[in-house]
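Asker: Encoded as structure tokens, here's the structure I'll be asking about.
The values are calculated or read from the model by the stated rules, or taken from the named source; none is laboratory data. The model shown is predicted, which means the values in this text are computed figures rather than measured ones. Cβ placement follows ideal geometry from the backbone for every residue including glycine, while neighbour counts extend to all protein chains displayed. Side chains are part of the model used for accessible areas, which takes the heavy atoms of the whole protein and leaves out ligands, DNA and RNA. Shrake-Rupley method; radii C 1.70, N 1.55, O 1.52, S 1.80 Å.
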Amino acid sequence: MSVPISKAFLLMLGVMILLSCREAPPPVKEAGFVEANSAYRQHFGDPPPVRSGRAYARVAFLPLRDAPGKVRAVPLFLFDDDRQLAKIIDRLAGGELRHPPGSSLYNPFPEESRVAALLVAAGVVTINLEMPDDRSVDLPAVADSLVETAAQFGAVDRVVIERNGRPLAGMPAGGYRPDPGRIAPVGPPDLIMLVGVWDEGSDAPEEIHASFDRPVTVGAFRLASREGDPIAGDLFTSIFDMAVVLHPENPQFFREGLPLRIEWEVTDALGRTGRGAQTLPLQHYLHKTVNGDFREK
């Protein structure tokens with residue numbers, strides 16, 4: 001499979017040297033680099049390579065549906081090193097990290113939440129969230145997610161969480177403390193969605209994405225109609241190896257909700273192998289991205 005580079009940064013290192021009337025060598029492309037912190041490496045191993053540019057592999061923690069008080073890591077990739085914790089929390093609270101129905105993980109933040117302020121000082125992280133006044137919000141799950149996400153950045157002794165400028169209900173005096181015991185192990189890689197990506201105003205999808213929950217190496221992959229007829233097209237892998245991308249040969253045949261049969265076997269960087277076969281309806285996404293994530297129609 002080839003890997004498209006349209007979403008990667010392209011950096012050129014050109015040095016003109018004039019010595020003894022000799023021509024300078026052509027500019028040299030700078031190799032890409034992904035920097036992973038210890039939390040990412042612990043849960044997901046070495047980060048995937050990129051052809052050019054620089055990225056930062058980090059994690060966020062989401063609560064488990066069937067295990068109250070437990071959270072699990074999910075991988076995130078950032079493209080600069082400025083205010084990384086605030087950006088990750090904004091993605092948590094802002095609704096970008098929402099898994100589909102049926103996932104073992106869920107996002108406890110109500111929609112329209114955001115980080116109003118974040119302060120880090122002497123091992124204490126203070127997070128002020130703007131959140132709707134919704135009594136159904138699972139505040140312990142919100143706290144667990146924020147505390148373990150913050151703890152990946154240096155020595156964090158306590159995390160103070162405020163909701164609309166006031167201490168979060170139920171917060172211990174002095175704030176929450178990270179607890180490695182609340183972090184559940186990451187299992188084998190899994191398929192999280194099958195989406196068609198439409199350009200605005202187009203009647204046919206440009207691409208079909210089979211998205212996985214982490215970077216993977218593909219051992220086997222097959223996409224077919226519900227009746228089992230293989231779907232023709234060119235296959236690629238996405239940036240960071242988190243999706244298999246099909247450019248369908250006959251895109252006009254695809255519509256939102258069309259049942260497709262998908263079979264896969266993938267392995268992550270720590271050698272965990274996931275495999276499966278199921279029929280899923282094709283979801284409709286527009287070709288707009290926010291921090292690299294496709295947004296649903």
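Asker: Using Cα springs under 10 Å in a Gaussian network model of the chain, which residue among E265, E200, E227 shows the largest mean-square fluctuation?
Answerer: The residue with the greatest mean-square fluctuation here is E227.
Asker: Which percent of the accessible heavy-atom area of the chain goes to carbon and sulfur, probe 1.4 angstrom?
Answerer: 51
Asker: Could you state the number of Å between the C-alpha centres of region 159-184 and region 45-99?
Answerer: 19
Asker: Here's something else I'd like to know. Add -39500 (n - 2.57) for each DSSP H run of 4 or more in the chain, then divide by its residues: what number comes out at 222 nm, to the nearest 500 deg cm²/dmol?
Answerer: My calculation for the chain gives -3000 deg cm²/dmol from helical runs alone.
Asker: Per residue, how many Å² of accessible area does the chain show with a 1.4 Å probe?
Answerer: Accessible area per residue: 53 Å².
Asker: What's the extension gain from R83 to S52 if we count 0.36 nm per residue and subtract their Cα-Cα distance?
Answerer: 8.9 nm
Asker: Using amide H atoms built in the peptide plane, which far-off residues or other-chain residues are under 5 Å from A243 H to H?
Answerer: Close amide H contacts, sequence-distant or interchain: F212, S238.
Asker: Grab the beta carbon distance between E130 and E206, set R0 = 30 Å, and tell me the FRET efficiency rounded to 0.05.
Answerer: Computed FRET efficiency for E130 and E206: 0.25.
Asker: Taking the structure as given and computing Cα Rg over 2.2 N^0.38 Å, which label from (i) 1.13; (ii) 0.96; (iii) 1.37 fits?
Answerer: (i)
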